[in-house]
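First the structure, in the form of C-alpha cells, and then the observations on it.
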Amino acid sequence: MTNTKKIAGTTENWESRILGADEKYAKPSTDKSAKKALNDSLGMQMISIRFQKSLLEELKMIADINGIGYQPLIKQVLQRFVDAEKKDLLRKKAADARGEDLSTRNGNDEPPQSAAG
C-alpha cells in the first residue's frame, strides 16, 4: 500500500500549478451545462465554417511556424480584420462629417503633398 500525502487545496497551490497541472488526473468535461457556462463566461460562441482545403492547409502551416494552433490563428486574423475594418469605417465617417474626400489621400491618413512642397 502506498502512502500518498494529500496536497492542500489552497489558492497558492492551484496558481503555482502544484494542483491541477497533471494530465493523468484531468479529463474533458461531458457536462453540456458546464461547457455552456464556460463559453458564456468567456464570451465565446462555437461556430462551424467551411474553408477550401488549400486555405486551411496554409493556415495550419502559418500557425505551426508561429507555434500556435490554427484555430487561435484564425481568431487572431479575424480580430485583426475587424479592428482594421472598424478603424477604416470610423475614419471614413469622420471624413464625411468634415466634408473630406478620402480618395484624394495618399493612403497614410495624410493629405497629399502639393507639387510645390
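The values are calculated or read from the model by the stated rules, or taken from the named source; none is laboratory data. No experiment lies behind these values; they were computed from the predicted model shown. FYI the Cβ positions are ideal-geometry reconstructions off the backbone, even for glycines, and counts take in every protein chain you see.
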Can you pull out the residues in region 23-57 that are surrounded by fewer than 10 Cβ atoms within 10 Å (Cβ to Cβ), hydrophobic (A, V, I, L, M, F, W, C) and more than 25 Å from Leu73 (Cα to Cα)?
Ala26
Scanning region 19-65 residue by residue, the ones that are acidic (Asp, Glu), in a loop (DSSP other than H, G, I, E, B) and modelled with pLDDT under 85 total 1
If Ile68 passes every condition in (1) within 18 Å of the chain's Cα centre (by Cα); (2) outside any helix (DSSP H, G or I); (3) modelled with pLDDT under 90 but one, which one does it miss?
(3)
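Identify all residues within region 12-22 that are more than 25 Å from the chain's Cα centre (by Cα) and exposed (fewer than 10 other Cβ atoms within 10 Å of the Cβ); write none if there are none. Full working, then the answer.
Here is the first cut: in region 12-22, the ones more than 25 Å from the chain's Cα centre (by Cα) are 12-14, 16, 18-19, 22.
Glu12, Asp22, listed by residue number.
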Considering residues that are over 24 Å from Ser48 (Cα atoms) and either in contact with a helix residue (DSSP H, G or I) (Cβ under 8 Å, 6 or more places away or on another chain) or surrounded by 12 or more Cβ atoms within 10 Å (Cβ to Cβ) (or both), the number found within region 67-99 is 3
